[in-house]
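In what follows, a single structure is set out as structure tokens and then discussed.
The values are calculated or read from the model by the stated rules, or taken from the named source; none is laboratory data. Please read all numbers here as calculations on a predicted model, not as lab measurements. Cβ coordinates were reconstructed from backbone atoms using ideal geometry, including for glycine residues, and neighbour counts include every protein chain displayed.
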Amino acid sequence: MNISSWNISRSFFTGLLAITGSIATAQNNTIAQDTALNRFYAALRHSDSNVISILHIGDSHVQAGFFPLTTANYLQKTFGSAGRGWVFPFNLAGTNGPEDYRWNSTCRWDAARVVDRYKNDPLGPGAIVITSQSGAPTIAYSGKQDGIDNSIREAELFYDAGLEDGRIAVPGAEVVVSGIPFPGAGETVRKATLTFPDAVQSFQARWEEKGNNPFRFYGAMIRNGKNGVLYSAIGINGAMYQHYNEQSSILTAQMAVMQPQLVIISLGTNEAYSSLNAHAFRMQIDSTVQLIKRTHPEASIVLTTPAESKRISKRAFRKKSGKKYRTYYKIAYYPNPYVTVVTQQIMNYCRENGLACWNFNGLTRSMAGSFSGTWAADHIHFGARGYQLQGKLLYEALNEGYLKYLKEAKITQ
């Protein structure tokens, strides 16, 4: 089952207010093998004088934005904010995405994603790309200043205009264009670095010409010019470990562009709704982890387990209505046993390989009361409040590990 058609319309911060007060204390909300994150925690100590980059990879649970934005919001409140991080025009691609920003364009765009059977190569750091046939593409970004720091002093735009010297104009910004910004990029893929003299919330970019091929836009990195946490979340509806392994250039591009001190991987839900083979799944996890380690050995890695979700049972029966019989359906939900298999494989892999693991699956069981009423109708996804609770719990687990690191190292905050 491809968990892909997912959207949440409620405001991020309306729901966030509902969980900032006291919630049921989670038992064992800790990160297993947390010493594997000591290098990240050591860097986090100096967040006041450095940019600490975090990359969060996932599926539809991450693409919706509520989960990673909550974790980012709490981390940035604690350790400072270096800006919005990675952003992509999901609305121009015709799919859902975070609600704290929006892209606009007069062009028509088509999209290709890592989960698509036929896709363009490369897909870039975001695992998704939009293309346009327009002769002079224009695209505009606008961030909302309603809690998440969307102020912009520097932005990096990644694109392929099909020309080695395609000109780009961005009013109010100094623009510097450089070539081949990530491994696997074509010869005409470029990075335009925009620098603004004062902080802005929006900008518009126009390419004055392009080559004969479609214009491709891969996304952007947004920074505010300050030190602190730079949290980039990249989620694709329906994504699995195997998709990133089949398109390994995506992971190498992410490491090159984000340069993360911490990589969080939240995958596994879609594997639990597909033809799951436990051994093959374990191998997929290892392939992803080893590729990250080879490409960017300085990064710490934490794997998260998927929520305890359900399958649907639909049974037909006939009942007489007047003089005719009509067909009715009895619908019931039952726990998906393969979620348990996925969870066990992730936890075992992390334990046997000394990798950090956050068992969110266990929390959805032990905190069932706190998550009551937060599930979406499909019993696989959460509503906004459920994702915000998940994001807060992840922050608390990371922060608990950080405080433990300081205590064991006898470091005074």
**Request:** With the checklist (1) in contact with a strand residue (DSSP E or B) (Cβ under 6 Å, 6 or more places away or on another chain); (2) surrounded by 12 or more Cβ atoms within 10 Å (Cβ to Cβ); (3) farther than 20 Å from Leu69 by Cα in hand, flag the one item Leu303 doesn't pass.
**Result:** (3)
**Asked** Within segment 187-198, restricting attention to residues that are part of a strand (DSSP E or B) and over 25 Å from the mean Cα position of the chain (by Cα), which residue is surrounded by the most Cβ atoms within 10 Å (Cβ to Cβ)?
**Response** Phe196
**Request:** Taking only segment 197-233 into account, find how many residues are over 30 Å from Phe40 (Cα atoms), out of contact with any Leu (no Cβ under 7 Å at 6 or more places or on another chain) and among the aromatic types (Phe, Trp, Tyr).
**Result:** 3
**Asked** Of the residues that sit in segment 29-66 and are among the small types (Gly, Ala, Ser) and in contact with a strand residue (DSSP E or B) (Cβ under 6 Å, 6 or more places away or on another chain), which one is nearest to Gly85 (Cα to Cα)?
**Response** Ser53
**Prompt:** helices (runs of 4 or more DSSP H) wholly in segment 212-328 with at least 2 residues that are out of contact with any Phe, Trp or Tyr (no Cβ under 7 Å at 6 or more places or on another chain) and under 23 Å from Asn359 (Cβ atoms) - which ones?
**Reply:** 241-246, 278-295
**Asked** Any residue at all in segment 228-235 that is among the polar types (S, T, N, Q) and more than 19 Å from Thr71 (Cβ to Cβ)?
**Response** no
**Complete:** Counted residues in segment 17-55 being of a type in the set (A, V, I, L, M, F, W, C), within 17 Å of Ser370 (Cα to Cα) and at pLDDT 95 or above come to 0
**Request:** Tell me which residues, restricted to segment 82-106, are in contact (Cβ under 8 Å) with a residue 40 or more places away in the chain and over 16 Å from the mean Cα position of the chain (by Cα).
**Result:** Ala82, Leu92, Arg102
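Table: residues versus (1) more than 25 Å from Leu163 (Cα to Cα); (2) at pLDDT below 95; (3) touching a strand residue (DSSP E or B) at 6+ places or on another chain (Cβ under 9 Å).
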residue	(1), (2), (3)
Val175	no, no, yes
Gly179	no, yes, yes
Gly219	no, no, yes
Gly225	yes, no, yes
Ile236	yes, no, yes
Glu246	yes, yes, no
**Request:** Tell me, yes or no, whether segment 344-356 has at least one residue that is assigned by TED's automatic domain parsing to the domain that holds His279, within 21 Å of the chain's Cα centre (by Cα) and under 22 Å from Ser60 (Cα atoms).
**Result:** yes
**Asked** Across segment 365-381, what is the total count of residues that are surrounded by 24 or more Cβ atoms within 10 Å (Cβ to Cβ) and either among the hydroxyl-bearing types (Ser, Thr, Tyr) or modelled with pLDDT of 95 or more (or both)?
**Response** 0
**Prompt:** Quick check, is Gly184 crowded, with 23+ Cβ neighbours inside 10 Å, small (Gly, Ala, Ser), touching a Ser or Thr at 6+ places or on another chain (Cβ under 7 Å) and over 20 Å from Val51 (Cα atoms)?
**Reply:** no
**Request:** Could you please let me know if Leu75 is under 9 Å from the mean Cα position of the chain (by Cα) and closer than 20 Å to Cys357 by Cβ?
**Result:** no
**Prompt:** Pick from Leu251, Leu267, Leu276: which is of a type in the set (A, V, I, L, M) and either in the same structural domain as Thr138 (by TED's automatic domain parsing) or touching a strand residue (DSSP E or B) at 6+ places or on another chain (Cβ under 7 Å) (or both)?
**Reply:** Leu267
**Complete:** Here the qualifying pairs (Cβ atoms under 8 Å; residues six or more apart or on different chains; first in segment 313-342 and free of Cβ contacts under 8 Å to residues at least 60 places away in the same chain; second part of a helix (DSSP H, G or I)) come out as Thr340/Asn361
